[in-house]
Amino acid sequence: MNSDKLRNLDLEAMDFDDLWLLHEELTQILSEKISAEKLELEKRLAQLNRAEPIAGAKGSFPEKHIDRPPRRKYPKVLPKYCNPSVPEETWSGRGKQPRWLAAALQSGHRLEEFRISKPERSPGDETDRGQS
């Protein structure tokens with residue numbers, strides 16, 4: 001359908017069936033144009049990806065802050081608090097309190113009631129610190 005023909009259409013005067021056919025025709029044309037545009041954009045993106053040096057091992061996008069030093073590795077934090085009803089549930093005391101602990105504190109328990117008496121030492125902690 002050319003633009004001159006479309007300009008001369010009186011949409012208000014058209015009956016329902018003609019409007020519906022026009023709608024279907026426009027939907028088909030728009031669908032084809034969107035598919036063609038998407039294909040063109042995908043081709044351009046593929047060309048850009050080939051032009052850039054490979055940033056990551058898995059083809060990931062390059063980092064925004066390349067000059068930033070790598071993140072510091074923190075040692076594993078041992079748990080300090082334990083859920084007495086489910087001993088596998090522990091908390092190191094860092095970050096948000098787990099639900100079981102928050103519920104217990106709301107019901108009147110004290111934080112010290114859940115403290116693990118002697119946490120196991122990790123193998124990396126067996127150095128003499130400050131002692132010669």
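Throughout, read-outs are computed from the coordinates displayed, never taken from laboratory work. Owing to the predicted nature of the structure, the values given are computational and were not obtained by experimental measurement. Here the Cβ positions follow ideal geometry from the backbone for every residue, glycine too, while neighbour counts run over all protein chains shown.
Descriptive notes on the structure:
- With both labels modelled 7 Å from their Cα along Cα-to-Cβ, the VAL86 to ALA103 distance reads 0.8 nm.
- When Rg and the Kirkwood radius Rh are both evaluated on Cα atoms of the stretch 3-51, their ratio Rg/Rh stands at 1.30.
- Available extension along the chain between GLU32 and ARG94 is 16.8 nm, counting 0.36 nm per residue and deducting the alpha carbon span.
- Mean Cβ count within 10 Å, highest first, over the residues of peptides 42-50, 101-109: 101-109, 42-50
- Take 29-35, 72-78 and order them by the average number of nearby Cβ atoms within 10 Å per residue, most first; the result is 29-35, 72-78.
- The slack in the chain from ARG115 to GLU42, taken as 0.36 nm per residue of separation less the alpha-carbon distance, amounts to 20.6 nm.
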